[in-house]
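K.L.:
The structure's right below; bear with me while I get my questions together.
The values are calculated or read from the model by the stated rules, or taken from the named source; none is laboratory data. On a predicted model such as this, the values are computed, not experimentally measured, just so you know. Backbone-built Cβ (ideal geometry, glycine too); neighbour counts: all protein chains shown. To get the accessible areas, we keep the full protein, side chains included, count just its heavy atoms, and leave off ligands, DNA and RNA. Shrake-Rupley method; radii C 1.70, N 1.55, O 1.52, S 1.80 Å.
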Amino acid sequence: IDYLSQGIDLSGIEVIENDLLFIARARLEVENQAKRLLEQGVETQNPTQVGTALQVFHNLGTLKDTIANVVDGYCTVLEENIKNALDIKVLTQPSQTVSRGGPGRAAMPTPGNTAAFRAALWTNMEKLMDQICAACGQVQHLQKVLTKKRDPVSHVCFIEEIVKDGQSDILYKFWTAVTQTLSSQFQSATDSSMFLKQAFEGEYPKLLRLYNDLWKRLQQYSQNIQRNFNTSGTTDLFAELQQMEEDAQDIFMQKKQDYDPEKALKDSLQQYEAAYLSKSLSRLFDPINLVFPPGGRNPPSSDELDSIIKTIASELNVAAVDPDLSLAVAKNVAKTIQLYGVKSEQLLSTQGDASQVIGPLTEGQRRNVAVVNSLYKLHQSVLKVITNQSSFPAAAEQTVTTALKAVHDLMGSAVQPLLNSVGDSVEAIIITMHQEDFSGSLSSSGKPDVPCSLYMKELQGFIARVMSDYFRHFECFDFVFDNTEAMAQRAIELFIRNASLIRPLGEGGKMRLAADFAQMELAVAPLCRRVSDLGKSYRQLRSFRPLLFQTSEHIASSPALGEVIPFSIILQFLFTRAPPELKSPFQRAEWSIARYSQWLDDHPSEKDRLALIRGALEAYVQSVRTREGKEFAPVYPIMVQLLQKAMSTLQ
């Protein structure tokens with residue numbers, strides 16, 4: 001009938017006047033019934049009813065306009081819902097009756113009523129999320145039926161009717177409208193009300209959680225609707241729907257290339273997040289600035305440190321609602337740890353008295369110990385906090401761990417001057433062994449006269465005193481041992497180096513040196529958890545001692561060579577068995593033993609050390625030839641052989 005009356009003016013023809021009236025009424029009646037059916041179908045999520053209604057609109061040629069009107073209707077209702085949820089006048093009314101404010105009266109919570117205002121606000125927000133979720137579900141359902149349903153005559157899919165004029169899918173259009181409305185309404189509401197602004201900024205994680213829950217519900221719904229449509233194929237309509245092609249992409253399940261629907265939803269929260277993070281940083285920094293007053297000399301007390309840790313734990317716990325927020329707060333925590341480090345570093349004493357090892361603890365050293373202990377407590381406590389965080393994002397953990405590493409490094413640089421001082425003193429004591437006489441022969445008893453040499457007694461006393469006077473006050477035992485064990489390894493290395501240089505070495509001297517080797521283990525014991533933990537240094541100490549009494553041939557074939565004890569050390573030791581004419585490398589260079597020791601430190605590679613030894617051996621050959629000697633010292637060929645063996649292992 002529409003087709004027949006198109007483009008022709010039929011008014012004034014009495015014969016069909018009544019018919020035209022009837023037709024117009026009939027059309028209206030059909031449209032209204034179809035509208036009711038559509039509303040009912042969408043509300044109860046009944047695809048059969050929705051399909052029938054859509055078919056009617058398709059037949060009447062108004063499918064596209066109807067769908068546009070329905071979606072616009074949802075948008076309008078939601079906009080109203082958002083406005084009501086954020087209506088400060090309603091939120092601040094003690095009772096349900098909304099009275100008009102007098103002229104110029106600002107709507108604000110009465111003093112002492114802020115709690116009620118906040119409670120009402122969060123109730124409203126939860127209700128709003130339910131409303132958004134319900135509306136999305138209905139639009140999604142509508143889109144689903146449109147995608148599946150075809151006209152039985154022309155076989156055109158309904159969604160194509162709507163999209164053919166370049167309209168994007170209705171769910172995308174609807175979601176864009178909703179998210180934009182959210183942004184603009186929130187913006188204007190918080191611009192005009194300080195209380196709303198403070199609520200959303202102060203309790204931002206709560207707001208974010210509501211949004212996250214909404215997003216999860218939308219995704220869950222998408223999965224369910226997918227399943228329902230794919231499994232229920234009972235009615236005729238569904239038999240028809242089943243053969244349709246698979247759904248158009250659902251935006252809640254898959255991101256479009258240039259559009260992220262979740263980001264679109266959360267964009268409205270941006271300004272509150274920024275304000276929340278800035279306040280969070282202030283909450284973290286305040287207790288630190290408080291316990292490090294300008295001109296203060298001491299690190300925070302235990303209680304003060306506890307309150308800092310509690311603040312860190314609390315900020316991280318509150319942010320745990322969302323991985324992105326957790327990461328952002330973790331960055332704030334890292335800045336907090338850095339601030340603590342900077343403030344602590346300013347307290348450290350770097351004057352000469354910080355590294356003295358002669359008298360008791362000085363004021364500066366006492367303060368340095370306190371600072372290191374406080375840094376250690378912070379390090380351990382924060383470590384515990386992040387281990388106790390459930391579902392802490394890896395990136396957030398990494399951020400905090402990196403900041404903690406800097407704290408550990410600062411502890412290291414705080415004790416370094418003292419460690420250097422102790423190391424220098426240990427070296428100075430060991431080198432005095434060359435002032436003692438090791439040339440004597442065996443006493444009648446065959447035992448050394450004293451249990452150990454004087455320098456060894458002094459070394460044992462010094463190390464024991466240093467540990468009890470200085471290092472005992474540090475609470476971070478593992479940290480201290482990590483540092484002092486390195487010192488013990490260095491002490492053993494120096495002891496073996498100097499012992500191998502003693503010249504001349506008599507039989508009685510060997511006995512005493514062997515006793516010193518045994519005592520050396522006792523000397524370094526306070527510096528380590530267990531002496532055997534010192535690894536290679538310990539094995540060298542143990543392997544070298546028996547070599548004192550072996551023949552040169554025996555030594556040359558010892559399995560410890562190269563494996564445990566470097567060739568250069570053994571060759572150095574064999575010089576002591578040669579006549580004075582075969583000069584040690586340092587004698588040939590006319591260096592003091594201290595200078596030679598320094599040279600060895602500067603040239604750790606075996607290659608350099610062996611080259612110096614080779615030079616000494618070649619000089620000896622030259623001197624024998626010059627005086628036209630007939631033979632070389634018996635130890636010389638053994639040393640040459642060893643040198644060749646050493647050089648070949650370097651190849």
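K.L.:
Among the residues of segment 51-90, what is the count of those that are assigned to a helix (DSSP H, G or I), free of Cβ contacts under 8 Å to residues at least 60 places away in the same chain and more than 20 Å from residue 179 (Cβ to Cβ)?
P.N.:
10
K.L.:
Scan segment 37-50 for residues that are more than 16 Å from residue 68 (Cα to Cα) and part of a helix (DSSP H, G or I) and report the count.
P.N.:
Adding up the residues that qualify gives 7.
K.L.:
Right, here's the next one. Any residue at all in segment 637-650 that is in a helix (DSSP H, G or I), modelled with pLDDT of 90 or more and more than 60 Å from the chain's Cα centre (by Cα)?
P.N.:
yes
K.L.:
For the structure I just gave you, tell me whether residue 438 is under 35 Å from the mean Cα position of the chain (by Cα) and open to solvent by less than 60 Å² (accessible area, probe 1.4 Å).
P.N.:
no
K.L.:
Report yes if residue 553 is under 42 Å from the mean Cα position of the chain (by Cα) and either more than 25 Å from residue 426 (Cβ to Cβ) or at pLDDT 95 or above (or both), otherwise no.
P.N.:
No.
K.L.:
Let me ask something else. So which residues in segment 261-300 are within 19 Å of residue 343 (Cβ to Cβ) and open to solvent by 60 Å² or more (accessible area, probe 1.4 Å), if there are any at all?
P.N.:
Those that are within 19 Å of residue 343 (Cβ to Cβ) and open to solvent by 60 Å² or more (accessible area, probe 1.4 Å): 283, 286, 289, 290, 293, 294, 295, 297, 298.
K.L.:
Next up: Return the residues of segment 339-354 that are touching a residue at least 60 places away in the same chain (Cβ under 8 Å), aliphatic (A, V, I, L, M) and part of a helix (DSSP H, G or I); say none if nothing qualifies.
P.N.:
Of everything in segment 339-354, just one residue is touching a residue at least 60 places away in the same chain (Cβ under 8 Å), aliphatic (A, V, I, L, M) and part of a helix (DSSP H, G or I), namely 354.
K.L.:
Out of the residues in segment 53-74 that are of a type outside the set (A, V, I, L, M) and buried (at least 18 other Cβ atoms within 10 Å of the Cβ), which is nearest to the chain's Cα centre (by Cα)?
P.N.:
74
K.L.:
Then there's this: Could you list all residues from segment 622-645 that are over 16 Å from residue 552 (Cα atoms), of a type outside the set (Ser, Thr, Tyr) and in contact (Cβ under 8 Å) with a residue 12 or more places away in the chain?
P.N.:
If the condition is that a residue be over 16 Å from residue 552 (Cα atoms), of a type outside the set (Ser, Thr, Tyr) and in contact (Cβ under 8 Å) with a residue 12 or more places away in the chain, then 624 is the only one that fits.
K.L.:
Here's something else I'd like to know. Are there any pairs, at least 6 apart or on different chains, whose C-beta atoms fall under 6 Å, with the first in segment 295-317 and under 13 Å from residue 285 (Cα atoms) and the second of a type in the set (Gly, Ala, Ser), and if so, which?
P.N.:
Cβ pairs passing all conditions: 309/381; 315/280.
K.L.:
Continuing with the same structure: Just one of (1) part of a helix (DSSP H, G or I); (2) within 30 Å of residue 426 (Cβ to Cβ) trips up residue 357, so point out which.
P.N.:
Evaluating residue 357 over (1) part of a helix (DSSP H, G or I); (2) within 30 Å of residue 426 (Cβ to Cβ) leaves (1) as the failure.
K.L.:
Among the helices (runs of 4 or more DSSP H) contained in segment 129-247, which hold 2 or more residues that are modelled with pLDDT of 85 or more and closer than 24 Å to residue 275 by Cβ?
P.N.:
170-192, 194-202, 204-231
K.L.:
Which one is modelled with the highest pLDDT, of the residues in segment 85-94 that are open to solvent by less than 90 Å² (accessible area, probe 1.4 Å) and farther than 13 Å from residue 129 by Cα?
P.N.:
Among residues in segment 85-94 that are open to solvent by less than 90 Å² (accessible area, probe 1.4 Å) and farther than 13 Å from residue 129 by Cα, the one modelled with the highest pLDDT is 87.
K.L.:
Follow-up. Quick one: residue 557 ticks every box in (1) out of contact with any helix residue (DSSP H, G or I) (no Cβ under 9 Å at 6 or more places or on another chain); (2) open to solvent by less than 10 Å² (accessible area, probe 1.4 Å) bar one, so which box is it?
P.N.:
Condition not satisfied by residue 557: (2).
K.L.:
Then there is this: Being among the basic types (Lys, Arg) and free of Cβ contacts under 8 Å to residues at least 60 places away in the same chain, is that true of even one residue in segment 490-500?
P.N.:
Checked against the condition, which is being among the basic types (Lys, Arg) and free of Cβ contacts under 8 Å to residues at least 60 places away in the same chain, segment 490-500 yields no hits at all.
K.L.:
Can you say whether residue 150 is farther than 19 Å from residue 38 by Cβ, basic (Lys, Arg) and either out of contact with any His (no Cβ under 8 Å at 6 or more places or on another chain) or open to solvent by 20 Å² or more (accessible area, probe 1.4 Å) (or both), as far as the supplied structure shows?
P.N.:
So residue 150 fails the test.
K.L.:
While we're looking at this one, here's another question. Pairs under 7 Å by beta carbon, first residue outside any loop (DSSP other than H, G, I, E, B) in segment 416-444, partner among the charged types (D, E, K, R), six or more apart or different chains?
P.N.:
As it stands, the answer is 423/490; 429/458, since those pairs meet every condition given.
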